[in-house]
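Structure record follows, encoded as structure tokens.
The values are calculated or read from the model by the stated rules, or taken from the named source; none is laboratory data. Since the model is a prediction, treat every value here as computed from it, not as a measurement. Note: ideal-geometry Cβ built from the backbone for every residue, glycine included; neighbour counts use all protein chains shown.
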Amino acid sequence: MVAALRSWSSVDLSAAPGDAPAAFCADLTPAGLLAGYRAGAYPLPAADEYSRYLNEALYEDRVAAGSIAVLGVGGEVPSEVPYGVAWWSPDPRPVITPGGVRLGRRLARRLRNGLRWSTSVDREFAQVVEQCRAGRSPRWLTDQLKQGLYGLHRDGHAHSVEVWENGELIGGAFGVQVGPVLSLDSMFHRRTDAARVAIADLAARFAEAGGLLLDAQWDSPAVRSLGGTMLPRADYLELLRHAQESPLLPRDLRPAG
């Protein structure tokens with residue numbers, strides 16, 4: 001049995017692996033989730049028992065050596081931990097500046113020339129989350145994580161952006177906000193480019209509110225095409241350390257683009 005650490009405050013993520021989980025922790029309550037995001041990590045729950053065993057096979061030596069932290073719930077390590085929920089804190093970190101999202105010329109032209117989409121914020125958080133996990137395999141967005149995110153949304157820490165076409169939800173994204181940083185968890189689309197519009201709209205609103213950074217979590221060609229760059233984790237963590245109150249996102253319904 002691995003001894004549990006009591007809280008995220010006892011973990012130094014600046015020394016954590018940049019290419020492996022930074023920690024294992026089963027606490028997906030709203031308070032537990034917010035503590036992890038504030039520390040600079042995000043959760044990736046194991047979708048099933050096989051995934052938990054795979055985590056153990058891949059990382060048990062590093063857990064035993066102490067390079068990957070283990071956090072308990074109330075100082076205890078439940079039986080499914082330490083490998084049930086991996087928390088990641090990549091180094092470097094893929095980020096997008098709120099004013100730097102690129103729609104692309106083709107999409108921008110379509111929006112100017114009659115593509116009548118509109119956007120909103122926090123009108124259908126639960127529906128956006130459900131669509132982001134629909135049909136995904138393995139399903140990292142588990143029921144337990146979903147309920148924790150709902151709690152964060154009720155408390156004003158998690159937000160969604162919705163893209164509409166004639167009253168139909170055709171795309172969206174959601175994430176968790178910590179001070180001037182908004183960590184993008186997932187997105188979906190029912191029309192080509194609707195997810196891209198969601199991210200661009202969220203970035204524009206976040207910039208209006210005084211937000212400084214969108215955390216893209218995982219690097220990818222799609223993230224780079226939106227204007228993503230790589231930031232040293234030390235700089236990302238420093239920004240979180242000085243986080244003050246979270247800026248309020250504008251919630252008006254507005255034309256896309």
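Assessment of the stretch 80-91 against the conditions (over 19 Å from residue 164 (Cβ atoms) and surrounded by fewer than 15 Cβ atoms within 10 Å (Cβ to Cβ)) yields at least one matching residue.
Of all residues in the stretch 76-98, at least one satisfies being modelled with pLDDT of 80 or more, farther than 30 Å from residue 53 by Cα, out of contact with any Phe, Trp or Tyr (no Cβ under 8 Å at 6 or more places or on another chain) and not in a helix (DSSP H, G or I). Going through (1) of a type outside the set (A, V, I, L, M, F, W, C); (2) out of contact with any Gly (no Cβ under 8 Å at 6 or more places or on another chain); (3) at pLDDT 95 or above; (4) farther than 26 Å from residue 31 by Cβ one by one, residue 162 falls short only on (2). Taking the stretch 144-197 as the range and being touching a Cys at 6+ places or on another chain (Cβ under 6 Å) and touching a residue at least 60 places away in the same chain (Cβ under 8 Å) as the test, only 188 passes. Being part of a loop (DSSP other than H, G, I, E, B), modelled with pLDDT under 90 and over 17 Å from residue 218 (Cα atoms), is that true of even one residue in the stretch 49-64? There is no residue in the stretch 49-64 that is part of a loop (DSSP other than H, G, I, E, B), modelled with pLDDT under 90 and over 17 Å from residue 218 (Cα atoms).
Checking each residue in the stretch 187-218 for being outside any helix (DSSP H, G or I) and more than 22 Å from residue 140 (Cβ to Cβ) picks out 191, 192, 193, 209, 210, 211, 212, 213. Looking across the stretch 133-154, the residues that are modelled with pLDDT under 95 and either assigned by TED's automatic domain parsing to the domain that holds residue 49 or not aliphatic (A, V, I, L, M) (or both) come down to 133, 135, 136, 137, 138, 139, 140, 142, 143, 144. The residue of the stretch 1-18 that is nearest to residue 243 (Cα to Cα), among those that are surrounded by 20 or more Cβ atoms within 10 Å (Cβ to Cβ) and modelled with pLDDT of 90 or more, is 13. Filter the stretch 217-234 down to the residues that are farther than 22 Å from residue 204 by Cβ and touching a residue at least 12 places away in the same chain (Cβ under 8 Å) and list them by number. Residues satisfying the conditions are 218, 219, 230, 232, 233, 234.
For the stretch 19-70, which positions are hydroxyl-bearing (Ser, Thr, Tyr), surrounded by 19 or more Cβ atoms within 10 Å (Cβ to Cβ) and farther than 25 Å from residue 151 by Cβ? Scanning the stretch 19-70 gives a single hit, 59.
A quick yes/no check of all residues on (1) at pLDDT 90 or above; (2) surrounded by fewer than 18 Cβ atoms within 10 Å (Cβ to Cβ):
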{"position": "186", "(1), (2)": "yes, no"}
{"position": "200", "(1), (2)": "yes, no"}
{"position": "206", "(1), (2)": "yes, no"}
{"position": "211", "(1), (2)": "yes, no"}
{"position": "214", "(1), (2)": "yes, no"}
{"position": "219", "(1), (2)": "yes, yes"}
{"position": "248", "(1), (2)": "no, yes"}
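Scanning the stretch 224-246 for residues that are modelled with pLDDT of 90 or more and either hydroxyl-bearing (Ser, Thr, Tyr) or touching a strand residue (DSSP E or B) at 6+ places or on another chain (Cβ under 7 Å) (or both) turns up 228, 229, 230, 231, 233, 236, 239, 240.
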